[in-house]
Structure formats: structure tokens, C-alpha cells
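Below is one structure, written out as C-alpha cells, with a few remarks after it.
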Amino acid sequence: MAAAAEYSIDHKLSKLVEEARPSAAALRAAAQAADAVAELIKRVPQQQAPPEAARGFVRDLGLEEEKLAFTFRPPEVVRLAGSHAVGAVTRPDVAADLLVRLPKECFHEKDFLNHRYHAKRCLYLCVIEKNLRSSRLIRKVSWSTFQDEARKPVLDVYPATEIADLPGFYVRIIPTGNSLFNVSKLNVSTRNNVRAHTKDGINLPTPKYNCSILEDMFLEENAEFMSSTFADWKALQEALVLVKVWARQRTSIYTHDCLNGYLISAILVFLTVDCGGSIITKSMTTRQIFRVVMNFLATSKVWAKGLVIQSMKKRTITKEDLANCLKTFDVAIWDISGHVNLAFRMTKSAFVELQDEAACALSCLDKCRDGGLEELFMTKVDFGAKFDSCLRINLKENSKFTSLSYCVDDESWRILENDVQSLLQQGLTDRTKMIRVLRRSTPSKWKIMDGFSEFRNSPLLVGIMLSSLEKSFRLVDIGPNPENRNEAIEFRRFWGEKAELRRFKDGNIAESTVWECESWERHTIIKRIADYVLMKHLSLQKDDLIHVVDQLDFCLLVDGQDPVSSSGALLEAFDTLSKQLRLLDDVPLKISTVQPLDPAFRHTSVFPPEPHPLAYGKSSQRLPNFTTTCIRSMEVMIQLEGSGNWPLDTVAMEKTKTAFLLKIGESLEDRGMFVSASEDEVNVLTSGYSFLLKIFHERGLVLQNQAGDDNIQTALSQDKMLFQRSQHSSMINGLHGRYQMYGPVVRLAKRWISAHLFSSFISEEAVELVVAYLFLKPFPFHAPSSRVAGFLRFLRLLSSFDWTFSPMVVDINNDFNLKDEKEININFW
């Protein structure tokens with residue numbers, strides 16, 4: 001059986017890879033189109049490259065046009081690279097990369113200084129663009145960026161003849177610069193090559209700027225090495241396709257500061273060479289390689305030392321170089337030359353998220369059906385559904401942003417990303433497990449003449465993943481002791497007017513910040529802290545910050561308050577009733593169990609009942625002028641102590657239950673409670689609430705199978721229903737104890753169901769179980785820690801679950817084994 005299951009998973013993965021890759025005919029057509037573009041580029045005649053062709057670009061780099069004029073020469077080499085070269089083209093991104101080698105004659109010896117290389121690189125592309133636009137073989141030419149770096153534009157060339165199997169196919173023209181400059185002049189740890197990058201008059205190193213140039217200089221060498229590694233290695237090519245599909249489904253890691261196809265290829269290559277331990281071997285299957293890669297991303301300690309693709313025998317990079325690199329960059333992946341950190345754009349927060357996603361992937365492989373095929377490769381993990389809290393920051397008119405130079409060592413919008421990340425981490429401390437700041441900077445229709453002005457219009461997106469709710473929603477942050485003068489001054493500088501000196505119950509005196517709010521508003525504390533910190537330190541206005549946290553709170557409020565706030569009174573009322581019932585001594589059988597069945601007691605009622613002025617004991621005199629006349633009753637199940645004197649006749653047993661209920665009602669009435677009794681039910685009004693009492697007896701479950709009369713069957717089925725509801729209530733109550741956000745998510749889900757008039761088709765218990773499924777089987781996400789994230793996933797589950805062909809198995813207590821699940825599936829059909 002196990003072998004058959006393994007074969008089935010491998011077969012499905014093989015089909016997935018086949019579906020993700022274009023056909024051989026389409027790839028041949030793409031190669032021909034790329035060759036045609038390459039020929040057009042080679043035929044561009046020698047001419048002057050006028051700086052005015054990219055006036056805005058040159059201006060925003062802070063350069064003078066007259067110093068950039070040069071004579072364009074046809075490229076020395078134009079070659080195919082990227083996924084088309086390594087045999088791992090993965091839809092929907094099917095662009096073919098053409099590496100165009102820049103002639104050395106177009107550059108001066110010191111053009112690596114002050115963005116002159118980037119300006120000439122752009123002007124070189126401008127000449128190519130002009131000539132391609134005049135060709136009948138080309139339908140469209142547009143500008144884009146290399147790895148979302150604005151100062152490194154590339155050309156996207158769309159052939160006139162479209163390929164049916166590759167809709168949207170285009171050729172991306174990427175300049176390279178083999179041996180253009182002296183590598184020692186571009187040392188990433190020590191050299192300053194942008195003279196404007198100073199502090200207190202002292203030149204600072206420009207590691208990202210230097211890596212930006214070095215990346216182009218060794219792009220061909222790295223592409224060649226990767227192509228040779230992947231050549232004739234089918235399993236490795238398929239594994240690369242799988243990792244790319246996995247990464248692209250996670251929109252927040254397939255980004256400029258985390259993964260891309262080039263970096264994924266580099267990581268796989270590292271795991272095949274001796275310096276990577278040759279972890280991947282040719283005897284491995286595609287699925288085994290995928291698992292190895294996920295395990296390496298999630299758990300390997302090599303990341304702390306830096307990855308080096310260079311062979312151990314030919315290594316030129318020293319331990320000192322590695323140590324300096326790790327001081328400069330958050331992540332280090334040294335290329336085959338030993339000069340370029342391929343991961344120089346990767347940030348620490350992005351790497352933390354990458355490790356978290358890889359760890360989640362490993363869990364999916366082990367715990368999900370079909371090896372996590374659907375969760376890993378077929379489910380979109382988008383920004384809004386993944387993070388517990390999302391924030392959109394508009395910086396278009398922000399003075400601090402507009403005062404920055406567009407590009408120094410790094411681009412101004414990247415500097416701002418880091419500033420926002422740092423401020424939020426300092427402000428939110430251990431309230432969060434992860435903070436992710438992203439900016440989609442490349443405009444959709446960028447014109448090189450406009451420069452970088454459009455890049456500043458994109459908003460910042462912030463995703464926040466909460467830690468435990470106790471930490472995330474606490475009211476007080478305790479800072480340093482005032483005796484630690486420097487720390488206390490820094491604390492007050494950061495928090496400003498929110499900082500205050502407090503004495504705590506344990507006698508400790510410390511700086512602190514307090515975020516007072518109602519108990520039902522505590523989920524907004526993260527929003528309030530983020531707003532305060534960003535407005536104070538970045539001079540933002542309230543309208544510049546849009547949080548996705550509390551937009552749906554309004555639908556759970558009554559008169560501006562959440563009725564959950566009165567749930568304490570409800571529980572006290574039930575406890576009082578429960579004690580009174582257990583103390584009754586004039587009932588023939590003692591009451592052994594009292595269990596509430598109403599959703600209000602398991603925190604899943606949309607509008608929990610509030611104390612009603614007409615539902616108090618006889619001694620109460622709370623009679624307002626106006627009040628509602630309808631009081632909602634909440635069911636309470638009672639179980640009596642065991643006895644052999646219960647009648648065996650089913651009708652007599654029901655009559656006996658009624659007699660017991662009437663006697664219980666009389667006894668409670670004698671103790672000062674309002675009781676409304678009938679043969680069918682007994683309602684008890686106490687402490688502002690109404691409780692509907694029902695008796696459950698186990699014998700009803702046994703007799704139901706023997707009953708033939710329809711009326712008797714109906715009566716006995718009530719025992720079965722009470723038993724099922726009591727089991728459901730117990731399990732849901734336990735689930736809420738494990739996941740405190742479960743209750744609010746269920747309330748939103750029920751509110752939505754009701755607002756769309758589905759309440760008569762879907763029971764409350766069914767909604768509770770569907771939401772429980774989100775928490776028990778959250779993959780490929782983590783269990784939600786906010787009501788909005790949980791609600792979005794609820795809607796997503798309703799729309800995407802295969803209700804027609806698959807049963808939803810909600811195993812709250814992990815009671816089911818494989819045999820049980822198989823039986824459920826058989827019975828479902």
C-alpha cells in the first residue's frame with residue numbers, strides 16, 4: 001500500500017511538472033524567436049549613443065549628459081541564458097533571457113564611479129530599442145528592470161509572431177559587462193564608488209552599488225556554469241520547475257528581496273557541488289530533491305557561514321572575506337567567481353519568511369494528503385490571506401521620502417523599506433513573529449525618459465504575523481529601569497509622549513507605554529502602535545495609513561459595543577443555575593451533569609444574549625419604561641444520576657423526563673427564580689437570562705434502534721441529538737481554548753452566512769466545523785491569529801474546496817486513523 005501511494009504521488013508530481021512546462025514545439029518556436037531578436041541586435045550599426053535618449057534617467061542619477069556620450073558598437077556576444085538555457089522554463093513566466101555583452105570600448109576605466117556605468121548601460125539599450133522598434137519582426141518593445149532594480153533597466157521585446165502555447169512570450173534583453181572594470185576597485189566591504197554616500201564628511205562603503213556592477217560582470221560566467229550543471233540532469237531540471245512553482249505561489253517570497261529563478265538555480269547548483277556537501281546526487285528522484293531543498297532552506301546552519309559555489313579546490317574567497325560579507329549583507333551566496341554575492345538584495349526579514357515557508361512545506365510533505373501536492377503547488381499564498389494584519393502606507397507626498405536622492409548605495413525606496421521595517425520591529429517588539437515590508441516599485445508602463453519619478457508612487461505593503469495572543473494584545477509594554485539612564489533616554493526619544501514612568505505591583509519602577517482599550521478592542525492594539533510609531537518618526541498623516549484589521553468589527557457590534565463584553569455575566573448566571581440544580585434535594589434523582597449547549601457558551605454566538613431586565617428573580621425590581629418583550633432562551637442539558645427504576649417503555653420514559661423537569665421547575669421556583677413550565681419544556685429566568693432545560697438519558701440511544709413507531713422514533717432521536725450537540729459543544733469549547741481567535745472568526749463567518757440568507761441551509765454547527773477545519777488544517781498557512789485573516793480564509797475555503805468529490809473531515813481530537821478516513825471516503829461515495 002505504501003509503495004502504491006508513493007508511486008501515485010510521484011506520478012502526480014510528474015504530471016504537474018509536465019503541465020507547468022511548455023511543449024517541445026513551443027520551446028523551439030521560442031528559441032527561434034530569441035535567435036531572430038539576437039540577429040537584429042547584432043546588426044545594429046555603429047553610431048553615437050545620445051544621452052538625451054534617456055534624459056530623465058540620467059538626470060535622476062545625478063549625472064551631466066555631456067560626460068556620458070559614447071560611440072555605440074554592436075555587442076561582442078549575444079547568447080541565450082536563464083530557464084531556456086537550463087531546460088526549466090516554467091509557465092506562466094516564459095520570457096527568454098538574452099545576455100548582451102557590452103563592448104569594453106564603450107566605457108572608460110573609471111566609469112564604475114557615481115553611476116556612470118548604469119547610465120551608459122541604459123543608453124546602450126536605448127540604441128538597441130530604437131533599432132528594434134523599426135523592425136517588422138517586432139510587435140512591441142517596453143522597459144522593465146532587472147530584479148526590480150530601477151537603475152538596471154532591461155528591454156522586453158515582443159516578437160510579431162505570437163506562439164500559441166506561450167501566450168505573452170517575450171525576449172528580455174539583459175546587458176552584461178565581462179571584464180569591464182578592475183574587480184579590486186569594486187570590493188563590496190571597503191570601497192566607496194558613489195562619492196555622495198558619506199556620513200559626517202567620511203566616505204562610506206557602497207556594497208550594494210558595487211554588487212550591482214559585479215553582478216553584470218560575472219553574469220555570463222555564472223549562467224554558463226549553471227547551464228552545464230543542469231544539462232542532461234532531468235530530475236534536477238524538474239526539481240527546479242517544482243521549486244519555482246512553489247515559490248511563485250507565495251507572492252511575498254518571489255520578490256526582489258527574496259527568491260527569483262536565478263537565485264533558486266544557484267541554490268540547487270550549490271547543493272550539487274562539493275562545497276555544498278554534494279547533498280543532491282544523480283540517483284535522487286525529483287521529489288527527493290525537492291525535499292532536500294526545502295530542508296536545506298528551513299534548517300541548514302550553513303546559511304550562518306555563507307554559501308560558496310566555488311569548488312573547494314579552486315576557492316579564492318577567504319574566511320575573512322566571508323566574515324566581512326556577512327557583516328555587510330544579511331545573506332551571502334558567493335558565485336562561481338568568488339567575487340559576487342548573488343543574494344545581496346535579500347533582506348533578513350525576507351530570509352526569515354523564506355525559512356518559515358520552507359518549514360511549512362516540510363510539514364505539508366509529511367502531514368497532507370498526496371504529499372501536500374495541492375497545498376504546496378496549487379494553492380496561492382497571497383499577501384492578504386497569509387498575514388494576520390496588513391498595512392498599506394502611502395508615501396507619495398511624504399517629505400522624508402521626497403528629500404532622499406533616488407539612488408546612492410541603494411535606491412531610496414529600498415532605504416525606506418528598511419526604515420519602516422526597523423521602526424515597526426522596535427515598536428512591536430515580541431508582539432509579532434514576523435514583519436514583512438514590500439514595495440512593488442516598477443511601474444507597469446515605465447518610460448525611460450521619465451526617470452524614476454513614477455517609482456515613488458507605489459505604496460508600501462506591510463504584512464504582520466502575530467506571535468501568541470497574550471503577547472500581541474497586552475496593554476502595557478515595560479521598558480528599561482530609569483537607573484539605566486542611556487536606555488531610558490533612548491526609550492523616551494522613541495516613544496515620545498506615550499512613554500511614562502510607572503510603578504508595578506511587584507514594586508518595580510520602569511519606563512512603559514500603555515495602550516488602554518476595552519477588552520473587545522484589544523485586537524486593534526497592533527494597529528494603534530504601528531500608527532503611532534510611523535506617524536511620529538516618518539511624519540505621516542492618519543490618511544496615509546490603511547490597516548486591514550478592524551474593517552468588519554461593525555457587523556458584530558450592538559449600540560457601539562461588542563456584546564461579548566457581557567459574557568462574564570452570562571457565565572456567572574449559568575454557574576448560579578448549575579449550583580442551584582446540583583443542590584436540589586427534593587428531586588428523586590440527583591442532577592449529576594449540567595452542560596450548556598448554546599453557542600454563546602462556546603464563544604461562537606454572533607450576538608451573545610445580554611442581561612434582560614425582565615429575566616431576573618422574583619426579588620428584582622428592574623422594570624424600565626421600554627424594553628423588548630422577547631427573551632432568547634439558551635438550551636441546557638441535564639443528566640440525572642444512574643437508577644435502575646427507569647421504565648423500559650419508550651413513551652413512559654419520555655413522560656418520566658417531563659415529570660422530572662416539572663419537579664425541577666417547582667423546586668427552582670421555590671428558590672426565587674421565574675419558571676415557565678409546560679409538558680414540552682421548562683424555561684428558567686434568572687440573573688437576566690433565560691435557560692431552557694432538557695434531560696438526556698443514555699437509554700434513549702439504545703432504545704432508538706429498537707423503536708418502530710415514528711412518534712417514538714422522533715422522541716428518542718432527541719436524546720441522540722442532545723448527545724451529539726453536547727459532544728460538539730465540548731469539542732468546540734476545547735478548540736477555542738487552543739485557538740483564542742477561533743470564536744471571533746466563527747462569529748464573522750456566521751454573520752456573513754446570515755447576511756447572504758444561507759442560514760436556513762447551513763446550520764450553526766456546520767459553520768463552526770468548517771472554521772475549525774481552517775485552524776486544524778491551515779496548510780499552506782499558519783493557523784490565523786486575526787479575525788480578518790481567518791474570515792478571508794473561510795471565504796476562500798468555501799469557494800475552493802472540492803465539495804462534490806471530497807468529504808471534509810474535521811478531526812478535532814485526532815481520533816481518526818487511516819482506516820477511519822478510508823471508510824469515510826467510501827461512505828461519501
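Compared with the alpha-carbon gap, the fully stretched path from residue 278 to residue 46 is longer by 78.8 nm at 0.36 nm per residue.
Need one word for segment 739-829: rounded, prolate or oblate. Basis is the Cα gyration tensor (sqrt eigenvalues a ≥ b ≥ c); a/c below 1.5 gives rounded, then a/b vs b/c decides. Taking the square roots of the gyration eigenvalues as a ≥ b ≥ c, segment 739-829 is oblate. Counting only C-alpha contacts under 8 Å and six or more residues apart, can you give the relative contact order of segment 739-829 as a whole percent? It rounds to 31 percent for segment 739-829.
Among the GluC sites (Glu not before Pro) within segment 85-184, which fall in a DSSP loop and have no more than 14 other Cβ atoms within 10 Å of their own Cβ?
Details: sites: 105, 109, 129, 149, 162; in loops: 109, 162.
Here the sparse-neighbourhood loop sites are 109, 162.
To the nearest ten degrees, helix 787-800 and the longest principal axis of the Cα atoms of the chain are 80 degrees apart.
Note on residue 12 and residue 497: with the Förster distance fixed at 56 Å, the Cβ-Cβ geometry gives a FRET efficiency of about 0.40.
Every helix of 4 or more DSSP H residues in the chain counts as -39500 (n - 2.57), and over all residues that averages to -13000 deg cm²/dmol at 222 nm.
Across segment 428-438, computed HN-Hα scalar couplings (Karplus, 6.51 cos²θ - 1.76 cosθ + 1.60, θ = phi - 60°) run 8, 6, 8, 5, 10, 8, 7, 10, 10, 10, 9 Hz from first to last residue, x flagging Gly and Pro. Near residue 249: Cβ cut-off under 12 Å, other residues only, Lys/Arg at +1 and Asp/Glu at -1. The net charge is +1. Scaled to the globular estimate 2.2 N^0.38 Å, the Cα spread of segment 298-427, given as radius of gyration, is 1.35. Near residue 61, once Lys and Arg are set to +1 and Asp and Glu to -1 for all other residues with Cβ below 9 Å from its Cβ, the sum equals +2. Between 0 and 90 degrees, the angle of helix 286-299 with respect to the longest Cα principal axis of the chain falls at about 80 degrees.
Loop-located trypsin sites (Lys or Arg not before Pro) in segment 276-318 (DSSP state not H, G, I, E or B) with no more than 14 neighbouring Cβ atoms inside 10 Å: 282, 305, 315. Using only side-chain charges placed at the Cβ, +1 for Lys and Arg and -1 for Asp and Glu, the dipole size of segment 739-829 relative to its Cα centre rounds to 480 debye.
Phi angles of segment 245-252 translate, via the Karplus equation with coefficients 6.51, -1.76, 1.60 and θ = phi - 60°, into HN-Hα couplings of 4, 4, 5, 5, 6, 10, 4, 8 Hz per residue; Gly and Pro are given as x.
Annotation: extensible slack from residue 587 through residue 198 equals 131.2 nm (criterion: 0.36 nm per residue apart, minus Cα-Cα distance). The angle between the Cα long axis of helix 348-367 and the longest principal axis of the Cα atoms of the chain comes to about 60 degrees, rounded to the nearest 10. Net charge around residue 421, counting only other residues with Cβ within less than 14 Å of its Cβ (Lys, Arg = +1; Asp, Glu = -1)? Net charge in that neighbourhood comes out at -2.
For segment 137-148, backbone phi angles converted through the Karplus equation (6.51, -1.76, 1.60; θ = phi - 60°) give residue-by-residue couplings of 7, 10, 8, 7, 10, 10, 9, 9, 10, 8, 6, 6 Hz, Gly and Pro being listed as x.
Every read-out reported here was derived from the displayed coordinates using simple, explicitly stated rules and does not represent laboratory data. Please read these numbers as outputs of a predicted model, since none were measured by experiment. Glycine gets a Cβ as well: all are built from the backbone with ideal geometry, and neighbour counts include every protein chain shown.
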